[in-house]
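Okay, structure first, notes after.
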Amino acid sequence: MLLDTKTERNIPKYNQLISKRRVAMAVGAGMLIVGALSNMFSWSYHNHIGVDYIEQCGRMDPILPEFNKSIKMIFESPDFKEKAISRLAGAIQIPTEVFDDNPSPSEDIEYYHEFFKLHDYLVNSFPLVSKHLKLEKVNEVNLLFTWEGKDKKLKPMMLTSHQDVVPVDPETVSQWTYPPFSGHYDASSDLIYGRGALDCKTLLVAQLAAIEQLIEDGFEPTRTVIVALGFDEETAGLHGARTMGKFLHERYGDNGIYSIVDEGSMVAEISKNVFIAAPVVQEKGYLDVNITVLGNGGHSSIPPEHTTIGVAAEIISSLENKPFKFEFSLENPFYGFLVCMAEHSNSLPTEFKKAIIEARFDEKERKKLVEFISQRPEMRELIRTSQAVDVFHGGMKANALPQVSTFLVNHRIDIQSSVQEVLESDLSVAREVAEKYGYGLYLADEEVIPCTDVGSITVTGYKPLEPSPYSPTGGSQVWDIFSGTIQNVFQNGLLRNNSEAEVYVTTNTISANSDTKHYWALTKNIYRFFGNVLPQGLWKTVHSVDETIPASAHLTSIAFVYEYIVNVQEGANEDSLP
Ligand SMILES: [Zn+2]
């Protein structure tokens, strides 16, 4: 855990979000690293609360790789840009849609025919990757590229993303500015259109494009680099990342991977020239809860006072009237993002900013902060367990009493909570209603209250996933290299011509889950970050009409992957496979 709650009042000690240690790496004469070497950590110190402390939102030491042959070219060459756009567009043109309940490849391989087109396309579009990396198909449709390093003892580094896209609703096709699988590039806006442009083909193609370029540049890895591409992330990765995770675990063992970088957050410009990079270092958990009310059937002319639909409705309204409590903690990675907002955004009310900063040591301000967050729908689910009643079935006919009514509640579990806690909470709501109307109560098969003449209520949890572990930040060299790469890619790469630009790195969480939930055993160093800047408003096109990505953002992802691979190769401590 990042912060020990017992030391919350001990301000100078607890804020260790980002290591004060320098990244242990050779600083070559030719390096373009910006920043005084004597003062590698250019953190801002603040005195407005009377104590010196290191901010949770800071500028990292930018790390430019010693091997940096193509970085400038990636950002500046019109030819490279054209090639990058066309490679991404080609990938978008292959509609790798997955629908809910996608079959396993062994059940129905034909379902995945578009994916095999994508495989061929990638092999042909990245000839050097195809020549120099080993390609395996795990569970037929996952792609696993392995770029063998010279030192086989070192843990491989892993890049991941997914081949699948969410389906385009045929009803919405006419609303798209350009057809959803056109991959159309609009030069005037610099936008590439199409389903998957953002989620997730920009990252998938960038990962392969960066490696293609590194090979062309003559780079040879010491540490093995693997690229793992799942095929059903959008339906929870059950056939894709889950089988890939098992496969990699068998091959490399517990903790056998150096780090994993997956899709996640993008850099946000929160005020003019102020950019916040907040990789996701922890995800919420997940639970579907099914509640079934089983009662007596019969003719509707002689009904009971409450039918099973009425009883189910009462449980639903009790759930909705008692949402989960807000549980803000300084350990929440979202706090890092808030601190950045407080320090660098022009848009937050002063009171909100004060509450964020002073929440560290002032209980009253922490309460105020929770109040502020709770009033903002876009933020509030990051500090509590969410609940959404998404499915309801009950009743068949006007003159027949509904014998069974059933509904599903979807939960995204707060990072401080657990599957057990959420299930118990739903059970307690069901118990109140069961007792009120004299129903029996079951937790799955387990009897809580014996079944009665009236009927029974059954609460069952499905697809349980605990909140993810917290990926190391403070004191971790892996984090230092990752975040130092971010600082360099943006401050000295994308924003190189903007002397006003300020780039800060912090942490965040997310209310959904990526494929990495199947990779927890491989490493504790999991960072979810696209490596690009997303213009405001574009995020809402994800999974929606007019999904787009700016070509400049795609190029930045390529540069990010290029630099991250080399920085790890040049700077990481030697750590051997178990
Ligand atoms: Zn995705």
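Some values worked out for this structure:
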{"quantity": "Of all DSSP beta bridges in the chain, antiparallel share, percent nearest 5", "calculated": "70"}
{"quantity": "Long-range HN-HN contacts of Val533 with modeled amide H, under 5 Å", "calculated": "Val267"}
{"quantity": "Over segment 365-485, equivalent-ellipsoid semi-axes from the Cα gyration tensor in Å", "calculated": "40, 17, 15"}
{"quantity": "Per residue convex hull volume, Cα atoms of segment 177-222, in Å³", "calculated": "88"}
{"quantity": "On Cα atoms only, tilt of 334-344 relative to the major axis of the chain in degrees", "calculated": "60"}
{"quantity": "Segment 295-446, Cα convex hull volume normalised per residue, Å³", "calculated": "142"}
{"quantity": "Eligible lysines near Lys81 by straight Cα distance, threshold 29 Å, same-chain separation 8 or greater", "calculated": "Lys69, Lys72, Lys117, Lys131, Lys134, Lys201, Lys272, Lys540"}
{"quantity": "Under the Debye formula (equal points on every Cα, no solvent term), log10 I(q)/I(0) of segment 407-558 at q = 0.10 Å⁻¹", "calculated": "-0.60"}
{"quantity": "Value at 222 nm in deg cm²/dmol, rounded to 500, when DSSP H runs of n ≥ 4 in the chain each add -39,500 (n - 2.57)", "calculated": "-9000 deg cm²/dmol"}
{"quantity": "Hz values of 3J(HN,Hα) by residue in segment 378-391 - Karplus curve (6.51, -1.76, 1.60), Gly and Pro given as x", "calculated": "6, 10, 5, 6, 7, 10, 7, 7, 8, 9, 9, 7, 10, 9"}
{"quantity": "q = 0.17, 0.19, 0.26 Å⁻¹: log10 I(q)/I(0) that the Debye formula gives for segment 159-235, counting C-alpha atoms only", "calculated": "-0.79, -0.90, -1.19"}
{"quantity": "Folded to 0 to 90 degrees: helix 113-125 orientation relative to the chain principal axis, Cα", "calculated": "10"}
{"quantity": "Centroid-to-centroid separation of segment 244-285 and segment 468-517 [C-alpha atoms, Å]", "calculated": "9"}
{"quantity": "Reachable lysines from Lys322, criterion Cα separation under 22 angstrom, eight or more residues apart if same chain", "calculated": "Lys284, Lys367, Lys368, Lys436"}
{"quantity": "Cα-derived Rg over Rh, computed across segment 206-326 with Rh taken as Kirkwood radius", "calculated": "1.22"}
{"quantity": "Spatial separation of Cα centroids for segment 178-239 and segment 367-422, in angstrom", "calculated": "34"}
{"quantity": "Derived scalar couplings ³J(HN,Hα) [segment 351-366; Karplus, 6.51 cos²θ - 1.76 cosθ + 1.60; whole Hz; x for Gly, Pro]", "calculated": "4, 5, 4, 4, 4, 4, 5, 8, 4, 5, 10, 10, 4, 5, 5, 5"}
{"quantity": "Per residue convex hull volume, Cα atoms of the chain, in Å³", "calculated": "177"}
{"quantity": "Percent breakdown of C-alpha pair distances by 5 Å bin, ordered from the shortest bin, for segment 377-446", "calculated": "3, 12, 17, 21, 19, 12, 8, 5, 2, 0"}
{"quantity": "Rg/Rg_globular for segment 334-413, with Rg_globular taken as 2.2 N^0.38 Å and Rg from C-alpha atoms", "calculated": "1.76"}
{"quantity": "The chain - Cys residues lacking any other Cys C-beta under 4.7 Å", "calculated": "Cys200, Cys451"}
{"quantity": "Rg ratio (alpha-carbon, reference 2.2 N^0.38 Å) - segment 327-373", "calculated": "1.00"}
{"quantity": "C-alpha long axis of helix 308-321 to longest principal axis of the chain, angle in °", "calculated": "40"}
{"quantity": "HN-Hα J in Hz across segment 230-244 - Karplus 6.51, -1.76, 1.60, θ = phi - 60°, x for Gly and Pro", "calculated": "x, 9, 8, 4, 6, 10, 5, x, 5, 9, x, 4, 5, 6, 5"}
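Just so you know, all these numbers are worked out from the coordinates, no wet-lab data involved. In this text, all values refer to a predicted model and were calculated from it rather than measured experimentally. Cβ atoms come from the backbone with ideal geometry, glycine included; neighbour counts cover every protein chain shown.
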